[in-house]
Amino acid sequence: MDDGDQRRLGFGRRCRDDSRPAGDCWLLTGDKYFASNASAELAVAAARPEGAAAGVRGLALFLVPRYRHGGELNYFIRRLKDKIGTRVPTGEVELKQSQGYLLGSAESGIYLILEVLNLSRVANSVVNVALAQRAMADALSYAEQLAAFGKRILDHPQLRHQFENRLTALRSAFALAWDSVQLLNDVWMERLPYSDRYHLFRLVAHLAKYWTAEFAVETAKWAMEVHAGLGGLAEYGAERWLREAMILAIWEGTSHRHILDGLEVMERKRAHKMLFRGLAEIASSKELQDMESEVEQHLKLPPEEREALAEPLFRRLAILTAETLARKSG
Ligand SMILES: Cc1cc2nc3c(=O)[nH]c(=O)nc-3n(C[C@H](O)[C@H](O)[C@H](O)COP(=O)(O)OP(=O)(O)OC[C@H]3O[C@@H](n4cnc5c(N)ncnc54)[C@H](O)[C@@H]3O)c2cc1C
């Protein structure tokens, strides 16, 4: 439960509970339309303390246990969602005077929320790559078994070429996701004011979440086509990867969101400068220099145009970053 888009959550009456030394206890009220893993023992929820400022700056972060101190349920699951993918229970949750423990200070809520998002976005990128790998492995084992026109379908030039290209792209996508993991490992303890490396992390995390999600969807669709007619049958499993990939692309922010946030960190923090410096150390190339000039030109566009034309640029930047990082890992 990690967003603040809820009807008025929380008011500041402290729980009087000396036997539980768990910091500031608040009572939270509101609805949460999407709550993943709704049966978890502990959840984090963003909520606005009464009287706090409007907008994201007024949000605080709370730890919400499933059970109240006395043992009764602390929040209620109105219904479980019927989804196209993911087996974790996703609930519609009601908080009614639910006990929540303030994490950090109320004023630092938005930064703590970002920390939660940083972690889940990086994790999402790794899952995207793992899903693409699994979809490819299934497609490979199918293509090794099925014969057409006298040989395995894997040995037909077009399909073999596609497998080879996709394997290269998988390695690049993994290198990008892994770079976001390593950068997060460097900066996760940082607090305001953030270092340049933190802003670099943010850019790489947006590139990774965006590109690995797109890659997973494309790969799952392709793997389903390798299974052709059988790919459309639930019993063969290939269609499941496409359904799962579609959810992963939306979770933790859609591609639109990551493109916009990636643009912002380049514009306001000049994070692309650090990115290109690091990439040039791996392999300095004209392609990288051209890309850097293109990014600079793009950032000078009027805001409307900058947003409207951002996707192809972000896509090429993500792919070039991924390919360059893959060279480093050999
Ligand atoms: C299975 C599942 C589980 C989930 N679990 C959780 C959870 O546990 N906790 C939680 O907080 N959330 C959860 N979510 C919600 C999920 O994080 C959001 O659905 C997702 O972040 C997108 O937000 P939204 O649905 O509000 O999209 P909206 O904000 O309604 O956007 C609608 C469309 O408009 C686009 N859009 C919006 N603004 C812009 C813009 N400025 N420029 C361009 N395009 C724009 C979006 O990209 C999107 O395509 C879950 C969702 C699913 C499907």
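The values are calculated or read from the model by the stated rules, or taken from the named source; none is laboratory data. On a predicted model such as this, the values are computed, not experimentally measured, just so you know. Cβ placement follows ideal geometry from the backbone for every residue including glycine, while neighbour counts extend to all protein chains displayed. These accessible areas exclude ligands, DNA and RNA; they are computed on the full protein's heavy atoms, side chains included. Shrake-Rupley method; radii C 1.70, N 1.55, O 1.52, S 1.80 Å.
Most fluctuating residue of 83, 286, 269 in a GNM of the chain with Cα springs under 10 Å: which is it?
Highest fluctuation of the listed residues: 286.
Report relative contact order for region 111-328 in percent, whole number only (criteria: Cα-Cα under 8 Å, sequence separation at least 6).
Working: 234 pairs, mean separation 60.9, N = 218.
Reported as a whole number, the value is 28 percent.
For the chain, set up a GNM with springs between Cα atoms under 10 Å and report which of 308, 220, 283 has the largest fluctuation.
308
Taking the Cα centre of region 35-138 as origin and charging only Cβ (+1 Lys, Arg; -1 Asp, Glu), how large is the dipole, in debye to the nearest 20?
With Lys and Arg at +1 and Asp and Glu at -1, about 220 debye.
Within the chain, what whole-number % of the accessible surface is contributed by carbon and sulfur, with the 1.4 Å probe and all protein chains included in the calculation?
Details: 9610 of 17400 Å².
Here carbon and sulfur together make up 55 percent of the probe-accessible area.
At 7 Å along the Cα-to-beta-carbon direction for both residue 63 and residue 119, put a label point, then send me their distance in nm to one decimal.
The two pseudo-label positions are separated by 1.1 nm.
Does region 25-104 classify as rounded, prolate or oblate by the C-alpha gyration tensor (a ≥ b ≥ c root eigenvalues; a/c under 1.5 gives rounded; else a/b over b/c gives prolate, otherwise oblate)? Show your work: numbers first, answer last.
Numbers: a/c = 2.11, a/b = 1.38, b/c = 1.53.
Oblate.
Per residue, how much accessible surface does the chain expose to a 1.4 Å probe? Answer in Å², no decimals. If you can, show how the numbers build up before the last one.
Details: 17400 Å² over 330 residues.
Averaged over the residues of the chain, the accessible area is 53 Å².
Among 60, 228, 175, which one shows the highest mean-square fluctuation when the chain is modelled as a Gaussian network with alpha-carbon springs under 10 Å?
Of the options given, 228 has the highest mean-square fluctuation.
Filter the DSSP H helices in the chain by two things, a Kyte-Doolittle mean of at least 0.0 and an axial alpha-carbon span of 30 angstrom or more, and list the hits by number. Please report the intermediate quantities before stating the final value.
Details: long enough: 109-145 (54 Å, 0.67); 157-187 (45 Å, -0.18); 196-226 (44 Å, -0.02).
Helices passing the filter in the chain: 109-145.
Please name whichever of 49, 313, 69 sits farthest to the positive end of the charge dipole of the chain, dipole taken about the Cα centre and charges placed at Cβ: Lys and Arg +1, Asp and Glu -1.
Among 49, 313, 69, the one farthest towards the positive end of the dipole of the chain is 69.
Apply the a/c threshold of 1.5 to the C-alpha gyration tensor of region 111-328 and tell me whether it is rounded, prolate or oblate. Let's see the in-between values first.
Numbers: a/c = 2.18, a/b = 1.79, b/c = 1.22.
Since a/c reaches 1.5 and a/b is larger than b/c, the shape of region 111-328 is classed as prolate.
For residue 188 paired with residue 40, estimate the spin-label separation in nm (one decimal), with each label point 7 Å from Cα along the Cα-to-Cβ line.
Distance between the two pseudo-spin positions: 1.4 nm.
Charges at C-beta only: +1 for Lys and Arg, -1 for Asp and Glu. How large is the resulting dipole of region 111-328 about its Cα centre, in Debye rounded to 20? The partial results should precede the final answer.
On the way: 27 positive and 30 negative charges, 69 e Å.
It works out to roughly 340 debye.
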